[in-house]
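Heads up: the structure comes next, in C-alpha cells.
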Amino acid sequence: MLGCDIGTYNIVCCSKDKNNNYVYDREVNAFLEISLEDRLVLQMMKSVDVPVIERAKKAYALGEKAVRMAYTLSQLELKRPMKDGCVNPKEKDAFEILSIMIHSLLEGNVKTDKETLYYSVPANALNEETDAEYHSKVLESILNSYVSEEGFKIKPFPINEGLALVYAELKSSNYTGLGVSCGAGMVNVCYAMFGVPVFQFALVNSGDWIDKMAAKATGENTTFINQEKTKVNLSKDPKDLVERAIQTQYKIMIEKTINGIKKGLGESGKKARSDKPIDIVIAGGTSMPIGFDVLFRDVVTQSDLPISVGSIVRPSDPLFSVSRGCLIAAENSLKQ
C-alpha cells in the first residue's frame, strides 16, 4: 500500500518498511526548459546528475536539482507542471513532465501487482475557478499508466488533501476535526467527523500568492521572498520591510481561511455540531515558518468561530503529513 501527496511544489510518496516504519520519497514538482542549442548548459546539468529529457526542439531539467540550478543560472526560468493546486493549463508538456516525476517516485515502492495507492486531490476553490474533478482524472490517468520494472501496476484512489491530514494526525480524536493543508498553490480545508467529510473547500491564496503579493509590496522578486519566507519568525515583530510584508500576507491568508471555515460551519448547521472542542491540524510547506501555529491560533481566537476549538496541531514533519494520511486511508480501505 502507498500514499502519494501530489502538490503544486512537492510530490511525496509514503510507504512502510519491513519494520512498519513510515518511509518518504520526495521530489520538487518543478522544471526548467532549455534550448537544445544551449549544449553547455545541458552538459552542465547532466554532469551533476540533473534528470533531463530531450525533445525535438527543447529539453527539460526536472526536480529539486533543477531548482538549485535555477538559482545559479538567472537566465533560466523555473516552471511548474501544476499551478494553483491543479495541472497547469498553460504548460502544454505538463502531463508528460508530471508523469515522469510521479513514476520515478513510485519506482522501487510498488512491491506487488495491483497495489492500492491513495493520492491527494484538492477541493474546488472558493475564490477562483478551478476544476478539481478534471485534475483528479488527470492524476488517475498518470497513475493507471504506471508499470514497474517487474510489470506491477497500481490501483489508485483519490482522497481530499485536508481529509488526509485528519487521518494522519487525529486518530486520538476519532478522526474528528479540521485539516488545513497550506501548500504552494492552495490552502485545502476539510472538516471531518469520525473520518467522514462534513465540508471541504480550497482557496487559491497560499504560498505562491504570499510570494507574489509580498514581492509586489517590497519591489523584490518572488524567488527572494520565497527564500526569506523560511527565515521569518511569524510570532515576533518584523525587523524590516520584507519581514513585515511576509507576515502581513500570512495573516491575510489565515484570515481568509478562517472566514471560509466559518462559512462552511454556518452552511453545515447541525451536521457540524460537536460536544467536544475541535482540534485543527495545520501542515504543508507554507506552514513551516517558525511561529505559524502561534499566528494561526491568534487569528482563530479573534475570529469568533461557532465551535469550540481545542488544540492547534502542527506536525513535526509538515511536508509529509498528507502523504502519511493517504497511506493510512489506503490501509483502512482494506479493512472495510
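I'm trying to understand the selection: among the residues of the range 1-41, which are among the basic types (K, R) and assigned to a strand (DSSP E or B)?
K16, R26
Let me spell it out: the conditions are (1) in contact with a Phe, Trp or Tyr (Cβ under 6 Å, 6 or more places away or on another chain); (2) under 25 Å from A214 (Cβ atoms); (3) surrounded by fewer than 18 Cβ atoms within 10 Å (Cβ to Cβ), and I254 meets all of them except one. Which number is the exception?
Exception for I254: condition (3).
For the range 114-125, give me each residue that is surrounded by fewer than 22 Cβ atoms within 10 Å (Cβ to Cβ) and in contact with a Lys or Arg (Cβ under 8 Å, 6 or more places away or on another chain).
Correct list: K114, E115, T116.
Only one of these is crowded, with 18+ Cβ neighbours inside 10 Å and among the charged types (D, E, K, R): K79, K111, K92, K137. Name it.
After applying the criteria, what remains is K79.
Name, by its number, the condition in (1) among the aromatic types (F, W, Y); (2) in contact with an Asp or Glu (Cβ under 8 Å, 6 or more places away or on another chain); (3) under 18 Å from G85 (Cα atoms) that does not hold for Y118.
Of (1) among the aromatic types (F, W, Y); (2) in contact with an Asp or Glu (Cβ under 8 Å, 6 or more places away or on another chain); (3) under 18 Å from G85 (Cα atoms), only one is false for Y118: (2).
With of a type outside the set (F, W, Y) and at pLDDT 90 or above as the only criterion, which of E128, E133, E107 stands out?
On inspection, the qualifying residue turns out to be E133.
So E91 passes all but one of these: (1) touching a helix residue (DSSP H, G or I) at 6+ places or on another chain (Cβ under 6 Å); (2) assigned to a loop (DSSP other than H, G, I, E, B). Which condition number does it fail?
Unmet for E91, out of (1) touching a helix residue (DSSP H, G or I) at 6+ places or on another chain (Cβ under 6 Å); (2) assigned to a loop (DSSP other than H, G, I, E, B): (1).
Please verify whether the range 39-51 includes one or more residues that are touching a strand residue (DSSP E or B) at 6+ places or on another chain (Cβ under 7 Å) and either under 17 Å from R80 (Cβ atoms) or modelled with pLDDT of 90 or more (or both).
yes
What single numbered condition from (1) surrounded by fewer than 18 Cβ atoms within 10 Å (Cβ to Cβ); (2) in contact with a Pro (Cβ under 6 Å, 6 or more places away or on another chain); (3) closer than 26 Å to A168 by Cβ fails to hold for L265?
Single failed check for L265: (1).
What pairs come out if I take residues in the range 96-107 that are of a type in the set (S, T, Y) and pair them with residues that are surrounded by 20 or more Cβ atoms within 10 Å (Cβ to Cβ) and in a helix (DSSP H, G or I) whose C-beta lies under 9 Å away, six or more apart or interchain?
The qualifying pairs are S99/I142; S104/G63.
List the pairs whose first member sits in the range 225-238 and is crowded, with 19+ Cβ neighbours inside 10 Å, whose second member is aromatic (F, W, Y), and whose Cβ atoms are under 8 Å apart, counting only residues at least 6 apart or on separate chains?
Pairs that qualify, where the first residue is crowded, with 19+ Cβ neighbours inside 10 Å and the partner is aromatic (F, W, Y), are L234/Y250; L234/F292.
Cβ contacts < 7 Å: first residue among the acidic types (D, E), restricted to the range 36-64; second residue not in a loop (DSSP other than H, G, I, E, B), any location; separation 6+ or different chain. Result?
Once the first residue is among the acidic types (D, E) and sits in the range 36-64, its partners that are not in a loop (DSSP other than H, G, I, E, B) give D49/K65; E64/E27; E64/V28.
Consider Y175 against the criteria (1) at negative phi; (2) crowded, with 18+ Cβ neighbours inside 10 Å: it satisfies all of them except one. Which criterion is unmet?
(1)
The values are calculated or read from the model by the stated rules, or taken from the named source; none is laboratory data. None of these values were measured; they are calculated from a predicted model. Positions of Cβ are generated from backbone atoms using ideal geometry, with glycine treated the same way; all protein chains shown enter the neighbour counts.
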